[in-house]
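Scroll down for the structure; my scribbles are underneath it.
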Amino acid sequence: MKFDMESKRLTFTKLNERDWDLFRSIHTNPGLMQHIRTLRSEEAIRNAFEKELDPWSLESSHWLTWIIREKTSSKQVGLISICSCKRAKRIAEVGFILLEAYQGKGYATEAVKCVIKFAVDAFSFERFIAVCSEEHLASRRVLEKVGMMLDEIVPENTEINGRLVNDCFYSLEIAVKN
Ligand SMILES: CC(C)(COP(=O)(O)OP(=O)(O)OC[C@H]1O[C@@H](n2cnc3c(N)ncnc32)[C@H](O)[C@@H]1OP(=O)(O)O)[C@@H](O)C(=O)NCCC(=O)NCCS
């Protein structure tokens with residue numbers, strides 16, 4: 001199965017062994033991770049990376065991750081992933097992280113739209129979900145711009161760096177073609 005794709009300004013290639021430096025630098029960056037999770041050890045990050053290198057199918061429980069690159073420069077922009085969380089119901093979770101230098105250009109919004117379209121076309125997902133902390137306004141704005149609806153705010157749901165944060169649960173229903 002071909003996972004590579006492109007949008008107007010970006011290309012997406014499935015994570016491979018050569019992407020370890022980018023994966024590690026993102027997951028050890030306190031600024032990029034501040035709203036996502038407490039930083040993990042390099043060993044835990046390496047284990048997560050290796051799991052994500054495994055072949056992916058609808059039955060997989062690990063994340064399917066793409067490296068996002070800017071078409072004009074070929075530079076790495078960040079990561080975007082989906083995970084099939086309820087296979088029987090065709091529900092996928094989406095997550096994304098952009099390097100600081102590429103934020104504020106509409107790239108996250110463009111990337112999420114592209115990945116959702118791919119996942120619907122290739123795997124017939126019918127619903128997408130995303131979770132982010134209530135205070136992470138940029139991420140919430142991205143989810144709203146791609147058409148996601150806020151379903152619920154769960155107080156003190158995730159502990160990040162010793163602090164409990166409220167989580168926003170977003171979802172997007174895809175109209176099923178008959
Ligand atoms: C969240 C993140 C993906 C946004 O990426 P991006 O490419 O800058 O997003 P976009 O440019 O597509 O859209 C960002 C929107 O948020 C808005 N925004 C940015 N900072 C904001 C803030 N502090 N308060 C309110 N809105 C904000 C922007 O104005 C823009 O909305 P607009 O188009 O209506 O003006 C990026 O900041 C990031 O990767 N952060 C670190 C990792 C992370 O937290 N990932 C999300 C996990 S849920």
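Taken across the range 35-56, residues that are polar (S, T, N, Q) and either at pLDDT below 95 or surrounded by 15 or more Cβ atoms within 10 Å (Cβ to Cβ) (or both) do not occur at all.
Looking for something closer than 19 Å to SER7 by Cα, part of a strand (DSSP E or B) and of a type in the set (A, V, I, L, M, F, W, C) - is there at least one such residue anywhere in the range 131-154? Within the range 131-154, none of the residues are closer than 19 Å to SER7 by Cα, part of a strand (DSSP E or B) and of a type in the set (A, V, I, L, M, F, W, C). Just a yes or no: is a residue in the range 132-153 among the basic types (Lys, Arg) and over 15 Å from PHE96 (Cα atoms)? The answer is no; no qualifying residue exists. When the range 72-92 is examined, which residues are found to be within 15 Å of the ligand (Cβ to nearest atom) and touching a residue at least 60 places away in the same chain (Cβ under 8 Å)? Hits for the range 72-92 are VAL77, LEU79, ILE80. Can we say ARG18 is touching a residue at least 24 places away in the same chain (Cβ under 8 Å) and surrounded by fewer than 16 Cβ atoms within 10 Å (Cβ to Cβ)? So ARG18 does not fit the description; no. If you go through the range 31-52 and keep only what is within 14 Å of the ligand (Cβ to nearest atom) and under 19 Å from GLN76 (Cβ atoms), you end up with GLY31, LEU32, MET33, ILE36. Only one entry in GLY106, GLY95 is out of contact with any Cys (no Cβ under 8 Å at 6 or more places or on another chain), within 15 Å of the ligand (Cβ to nearest atom) and of a type outside the set (Lys, Arg), namely GLY106. Entry remark, the range 25-44: residues being in contact with an Asp or Glu (Cβ under 8 Å, 6 or more places away or on another chain) and charged (D, E, K, R) number 0 in total. Among the residues making up the range 141-173, those that are of a type in the set (D, E, K, R), free of Cβ contacts under 8 Å to residues at least 24 places away in the same chain and more than 11 Å from the ligand (Cβ to nearest atom) are ASP151, GLU152, GLU156, ARG163.
The values are calculated or read from the model by the stated rules, or taken from the named source; none is laboratory data. These figures come from a predicted structure and were not determined experimentally. Cβ: placed from backbone, ideal geometry, glycine included. Neighbour counts: every protein chain shown.
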